[in-house]
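The values are calculated or read from the model by the stated rules, or taken from the named source; none is laboratory data. Please read all numbers here as calculations on a predicted model, not as lab measurements. Positions of Cβ are generated from backbone atoms using ideal geometry, with glycine treated the same way; all protein chains shown enter the neighbour counts. The area values use the complete protein model at the heavy-atom level, side chains included, leaving out ligands, DNA and RNA. Shrake-Rupley method; radii C 1.70, N 1.55, O 1.52, S 1.80 Å.
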Amino acid sequence: VLSGTFGITDFASVIAWRGLQHEDEARHVFGMPGIITSDGALIFGVMADHTYNAGKIYPPGGSLDREDIRSNGEVDVLGSIVREMKEEIGLDAAQATPLGLYALSLGRALTVISFLGFAMTAREIEDIAHQHFATEAEPELKGLWIVREPGDLVPGMAAFARVMAEYFLANRQALTGLR
């Protein structure tokens, strides 16, 4: 169980808060899918040039939206992961097998990670994503980044994405059954 008190604000305010030089107990909470392919890869997205995080590499996901708040006041982080993955790359979580749920606290962020195993190769997921990008006037992502080995960890990765990828690479066999 993850519990806390959430505040509602806009994305610009979150960006300004992240830049403050003082420490407080607040955290930017968001969910990210750990998309694992049948051929043992981890799928990340590359943010489009028109976005605030242009060129950054991390899982297709995003900040929680007002629609992620249930009528009883609970925040549906897992629902956010499913929604964002569908919105950003056109991938349906119903096609996945849950492989584990993790929380990563790093700096001022708390990331909820849901590793999801898909019975598709990285290439097949890449094809789905590119078809999805073609249907959008201004896609949030300009492509995918496929992590198969330590050399795929590059400076353009967000810090939490790098930690997530390192965990995946160190635990790939346990997560997927593949070497």
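Worth pointing out:
- The GNM of the chain, with springs linking C-alpha atoms under 10 angstrom apart, assigns the highest mean-square fluctuation among Ala159, Ala137, Ala94 to Ala137.
- Looking at the chain, the DSSP beta bridges with both ends there are about 70 percent antiparallel.
- Over the chain - Rg/Rh using Cα atoms and the Kirkwood inverse-distance radius: 0.95
- In order along the stretch 167-177, the phi-based Karplus estimate (6.51 cos²θ - 1.76 cosθ + 1.60, θ = phi - 60°) of 3J(HN,Hα) comes to 4, 4, 4, 6, 10, 3, 5, 5, 6, 10, x Hz; Gly and Pro are listed as x.
- If the segment from Asn72 to Tyr102 were pulled out straight at 0.36 nm per residue, it would be longer than the present Cα-Cα gap by 8.4 nm.
- Rounded percent of accessible protein surface that carbon and sulfur make up, the chain, 1.4 Å probe: 53 percent
- Selection from Ala161, Thr97, Gly55 lying farthest towards where the dipole of the stretch 37-166 points positive, charges on Cβ: Ala161
- Accessible area expressed per residue, the chain, with surrounding protein chains retained (probe 1.4 Å, Å²): 53 Å²
- In this structure, Arg18 and Ala119 have a Cβ-Cβ separation that, at R0 = 30 Å, corresponds to a calculated FRET efficiency of about 0.20.
- Within the chain, the longest run free of GluC sites (Glu not before Pro) that sit in a DSSP loop with at most 15 other Cβ atoms within 10 Å is 75-135.
- Accessible area of His50 (1.4 Å probe, protein heavy atoms only, ligands and nucleic acids ignored): about 100 Å².
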